[in-house]
Amino acid sequence: MPPPTLGEFEQQLIDHIGRHGPITFEAFIEAALYDTQFGYYPSRRRQQGSTPVGTDGDYFTSPVTHPAFGALLALQLREMWQRLGSPGEFVVVEMGAGDGVLRSDFTEYAERELPDLANVLHYSATDLVPPVGSDWVAGHADLPTAITGCVISNELIDAHPVNRFIVEAGAVREIFVDYRNDAFVETVGDVVEPEVEARVLPFVRSLPDGYRGEVNLRLGYWSDSVSATLDRGYVITIDYGFDRPDLYAPTRLSGSLRCYYQHTLGQNPLRRIGKQDITAHVDFTAVDHTLMVNGFTKNGNTTQSNFLTNLGIEDFLRYVEDRSRSREVSRSESEEDMVGIGALIAPEGLGNFRVVVHSRGVVGGVDDQQLSNTGPRGLTGIDGGPSLAAGHPAPSLRDAAADHARLLRAGNPFSQSRSQIEDPPTWEQLFSDEP
């Protein structure tokens, strides 16, 4: 069989490997996702209207699933603003804002339902690769500094390039990318960065030979960026992942590296180079540590389902049901809203994501040792309390300015009409930590 036809991007990688030898997976993923000419994100966002997210993209996120996500975050941040003493300016910085859907939903709901917050709100949406021609999302270089407010990231850290390792004869070895016999292949060698080995060594005795995993060495840079951005206030980090003992559990033999292409889950990053998304589960122990080094205190860690339920998502669901029952909206519209809102807390999918809150310069933060012994600390999303959504209407897909996935539409990979004739991927398949 003749070798496959190579594109210019693949040839550049082959030439680099030929000159310098095998490259780390971190370097490979950096090129595959972020190369300015051929990388996945720049190429997907180079043309107006092109996006990696949503029905026409490769994966879903909570903001594109339903505007209730942004509305509930607005309610939580209004409470945070109040905990800070209701300052005259409250700045929200979203890192990894993508197409700006969360910014649109958040500010719309604040302007309509939370005028006190809206009057002091400045929302700065930034992304390493902002969409071409976007009026809503700026580049990473435009991050503000020394703000009072909140830094939000939703599914940002899972997109960091990671190093990969394998356990061989009880030792930590690194996995590299090479090119041999007309194909990109994995090869194993000595660990390049000592921190890779240091993260894994405490767990090696319980890990079988052949065990694979990932280490994100870029979290320190992310934390430094958060620290420079936020002088006083909160950090909300939403992503899929685990604390380190669970991330490196013996049962997770193949690690957590995942690829997404047209809503199809894969585990081979050496295919479709520059054309598929590559992610890895987040090490939340490292998130806590890097932020602690920068003077932040952990307020809590919970699932997205618990977080949104504490804020009052069930009030939103009842509101949609009541409007449907009174025929204020059509049955089809209410069903779309119900399915979209429900997907945000689905235990086998988005609801199983982690929500971690840190703070600096705020009375009421707690460290890890205190977490199990503390009562309510004033953040409803983390600790519970009266619903913040009570008395507020739920936002609707029909009225939102930004485009969202319509989970009941025929063109959607999760639609009911398609499921009758095909076998579409489930939320569990797309977001599971197991292969």
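FYI, it's all coordinate maths here, none of it is from the lab. Predicted model, so just to flag it, every value in this text is computed and none were measured. Neighbour counts are summed over all protein chains in view; Cβ atoms, including those assigned to glycine, are modelled from backbone coordinates with ideal geometry.
Calculated over the stretch 174-214, the projected area of the Cα convex hull averaged across directions stands at 3.4 nm². In whole angstrom, note down how far apart the Cα centers of the stretch 183-207 and the stretch 284-315 are. So the separation of the two Cα centres works out to 29 Å. Between R19 and R232, what's the calculated FRET efficiency when r is the beta-carbon distance and R0 is 56 Å? Round to 0.05. Given R0 = 56 Å and the Cβ-Cβ separation, E is 0.70.
Computing FRET efficiency as 1/(1 + (r/R0)^6) for H122 and E314, where r is the C-beta to C-beta distance and R0 is 30 Å, gives about 0.45.
The residues packed around A401, meaning those with a beta-carbon under 13 Å from its beta-carbon, carry a net charge of -4 if Lys and Arg are +1 and Asp and Glu are -1.
A straight chain from R327 to T36 at 0.36 nm per residue would run longer than the Cα-Cα distance by 99.7 nm. For the stretch 81-165, the dipole from Cβ point charges (+1 on Lys and Arg, -1 on Asp and Glu) about the Cα centre works out to 300 debye, to the nearest 20.
Put +1 on the Cβ of each Lys and Arg and -1 on the Cβ of each Asp and Glu in the stretch 232-343; which of T297, F284, V320 then has its Cα farthest toward the positive end of the dipole? The listed residue farthest towards the positive side: F284.
Placing +1 on each Lys and Arg Cβ and -1 on each Asp and Glu Cβ, with no other charges, gives the stretch 135-269 a dipole about its Cα centre of roughly 320 debye. Here each label is just a point 7 Å from Cα along the line to Cβ, and for E348 and E10 those points are 3.6 nm apart. L75 sits among other residues whose Cβ lies under 11 Å from its own Cβ, and their net charge, with Lys and Arg +1 and Asp and Glu -1, is -2. Taking a point 7 Å out from the Cα of N268 in the direction of its Cβ, the residues of the stretch 154-194 whose backbone N falls within less than 17 Å of it are 177-187. Distances between placed amide hydrogens fall under 5 Å for L230 paired with A146, I147, all partners being 5 or more residues away or on another chain.
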